[in-house]
1. Excluding ligands and nucleic acids, what accessible area in Å² is computed for Tyr147 using a 1.4 Å probe, to the nearest 10?
2. Set the Förster radius R0 to 41 Å, insert the Cβ-Cβ distance between Asn58 and Asp97 as r into 1/(1 + (r/R0)^6), and round the FRET efficiency to 0.05.
3. Under a 1.4 Å probe, what is the accessible area of segment 77-167 per residue, stated in Å²?
4. If a/c stays under 1.5 just call it rounded; otherwise compare a/b with b/c (prolate if a/b is bigger, oblate if not). Do that for segment 68-121, with a ≥ b ≥ c from the square roots of the Cα gyration tensor eigenvalues.
Amino acid sequence: KVTSRHTASTENMAAMSASSVTFKTAVAPRMRCRAAKLTRATRGSVATRASVVKISVNEVKDHLDRGFVLVDIRDPDEARETGYKSSWKNIVLAAMDEDGRIHMNPNFLAQIRQEFPNTMSRILIACDDGTTRSEKAAAAIVEKCGYTQCKVIEGGVDAYLKAYPLTQADKVKWKMRPEIGEDLSVLVSGVDTRQAGQKYY
């Protein structure tokens, strides 16, 4: 059966971090200026921006309906500050530690490949404002990994959430829960194919 469960925000963020950040960094809560610092730190040598395709926030829903997946590259504290949708994938590009030092995620592209094995996967990249960080991430995904359907959300998460605020339904996660009962093959054929004493729970 399919059931929905509301999880606490702290549990959401813990799962969000664990699934996406394999590099170790002590990220501490900070003011909104952390986003600006992270943007400056990742500015460096941005890959060819001609390869970066941008879409407006009004085009996001249509892209999601067509199979695109939104990848939030912000660090966990930034995501916690604004909120996020449970359907988003969080793969952090860079994070700030408690001393204000910026740590780039050396596994970023590897995590992209792991999450999206097919280079034709449809990816929407979003940071806070959709500028340098998103452009750098998208360009690397396209030019270094060969993905052909990677786009940036213009204005980033801030613009998107301003236009389409989070609802309670956005925070619901759907999970499969195993139920105790007869094996489906028994119900269909009437023949129990299990070994003696074998149980499915």
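The values are calculated or read from the model by the stated rules, or taken from the named source; none is laboratory data. Worth saying up front: this structure is predicted, and the values here are computed from it rather than measured. Cβ coordinates were reconstructed from backbone atoms using ideal geometry, including for glycine residues, and neighbour counts include every protein chain displayed. Ligands, DNA and RNA are excluded from the accessible area calculation, which covers all protein heavy atoms including side chains. Shrake-Rupley method; radii C 1.70, N 1.55, O 1.52, S 1.80 Å.
1. Answer for Tyr147: close to 10 Å² accessible.
2. Values: r = 36 Å, r/R0 = 0.89.
According to the calculation, E is roughly 0.65.
3. On the way: 3940 Å² over 91 residues.
Per-residue value: 43 Å².
4. On the way: a/c = 4.02, a/b = 1.40, b/c = 2.88.
In terms of gyration-tensor shape, oblate.
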